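Since every read-out is calculated from the coordinates, none of them should be taken as a lab result. Every value quoted in this text rests on a predicted model; they were computed, and no experiment measured them. Reconstructed Cβ throughout: ideal geometry from the backbone, glycine too, with neighbour counts over all protein chains shown.
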Amino acid sequence: MPEPAEMSGPEVAKTPGGGAPGKEGKEPVANGHSEGESNPFAEYMWMENEEEYNRQVEEELLEQEFLERCFQEMLDEEDQDWFIPARDLPSVGQIQQQLNGLSVNDGNQEDIARKSSLNPEAKEFVPGVKY
């Protein structure tokens, strides 16, 4: 008989106990498992809770997606707080339009003073001084 290191394939099945360690002298049952084994489907038991596992994985994926969205919103809010000239300053065309709309007219100062409700005789305001 060959050495155990050289055994493979059909030679393993010819040894007592199917060649599995610790199974010498035990005859395999028709399904390939020995009679003393508690659950012949132990390796498939994870499938019993497959729905629960799928639910947990889905929850983890949703949580990860939620965290990514929150992180992106935080970055967007931070970007809004920063001063970015290209985004926050008006364009040259807008400034030109605003300047074109301005005019200087000294001719109606007397008219403004007559219509004003301010007291021209009032003392000059100084913060922190009570009159």
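Here are the numbers for the structure shown:
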item: 12 Å beta-carbon shell around Glu59, net charge (K/R +1, D/E -1); result: -4
item: Potential lengthening between Ser38 and Val104 on full extension [0.36 nm per residue; Cα-Cα distance subtracted]; result: 13.8 nm
item: For the stretch 81-126 and the stretch 36-75, distance of Cα centres in Å; result: 64
item: Ser91-Phe71 FRET efficiency (beta carbon distance; Förster radius 25 Å; 0.05 resolution); result: 0.20
item: Added length on full extension, which subtracts the Cα-Cα distance from 0.36 nm per residue, Ser117 to Glu59; result: 14.1 nm
item: Separation in nanometres of the label points that stand 7 Å from Cα toward Cβ, at Glu52 and Val129; result: 8.3
